[in-house]
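Undergrad: Below is one structure. I have some questions about it.
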Amino acid sequence: MAHGLRQPEQARRRSGPGPLRAHIPTEQVLEEGGYESGWDREFGRAVALQPNRFELTGDPAPYKLYIDGNSHDPRISSGSPRITEDRRLAAPVLGRQIVFQRVENPHSGCFFLDAAQFAHWVAQPDFAVPSAAFSGPLESAATLGIMRHFRVYKPARENAGFLEIEHLDRRYLGKIFNPVAGNPPTLSWE
């Protein structure tokens with residue numbers, strides 16, 4: 001079994017007494033410290049917060065591309081629930097209003113849960129059961145369980161940088177989408 005498919009089980013084996021459970025693959029870097037913001041006190045334990053995943057390039061022009069979220073092609077987010085209720089939440093954080101949204105593709109390549117949420121997930125019969133039901137096996141390992149057992153939110157686009165994680169393997173930016181120099185820079189795609 002591939003390393004990525006064992007993400008939930010590895011997180012369970014490595015979990016200690018601290019308040020947060022996370023799995024971050026080596027090709028990603030967490031950019032913000034906004035996670036510890038009283039999320040569960042504000043919205044309850046049935047709600048999980050995920051970072052926005054992005055890729056960054058400086059060639060031929062500086063460009064930052066958020067690579068997950070709502071897709072215009074439903075095949076990309078197959079296995080993902082269509083979100084109709086509680087699409088947006090808002091809360092004051094460090095003196096400003098931060099908006100969070102449910103997206104059809106909640107994948108971030110990682111997951112963040114507090115200790116009680118993680119214990120709830122571990123107790124589910126489908127915990128760490130290999131599946132490719134969400135997009136593929138690696139995406140399912142990181143995201144399918146939390147999609148099934150929590151309402152997943154990400155920071156909304158208007159404050160997307162509140163919690164984000166950089167995808168270091170530029171799989172999309174520069175390969176599928178190509179920055180075009182200009183003011184502002186734009187994208188072309190193959």
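Undergrad: Show the residue pairs that are 6+ apart or on different chains and have beta-carbon atoms under 7 Å apart, the first residue being within segment 139-154 and in a helix (DSSP H, G or I), the second being of a type in the set (Val, Ile, Thr).
TA: Ile146/Val152
Undergrad: Would you pick out the residues in segment 92-105 that are modelled with pLDDT under 90 and surrounded by 15 or more Cβ atoms within 10 Å (Cβ to Cβ)?
TA: Val93, Val103, Glu104, Asn105
Undergrad: Can you confirm whether segment 119-128 contains a residue that is of a type in the set (Gly, Ala, Ser) and exposed (fewer than 15 other Cβ atoms within 10 Å of the Cβ)?
TA: Yes, that holds for at least one residue.
Undergrad: Right, something else. Which residue pairs have Cβ atoms closer than 6 Å, lie 6 or more positions apart in sequence or on different chains, and pair a first residue in segment 162-184 that is among the hydroxyl-bearing types (Ser, Thr, Tyr) with a second residue that is at pLDDT 75 or above?
TA: These pairs meet every condition: Tyr172/Glu55; Tyr172/Ile67.
The values are calculated or read from the model by the stated rules, or taken from the named source; none is laboratory data. Quick caveat, the model's predicted, so the values are computed rather than measured. Backbone-built Cβ (ideal geometry, glycine too); neighbour counts: all protein chains shown.
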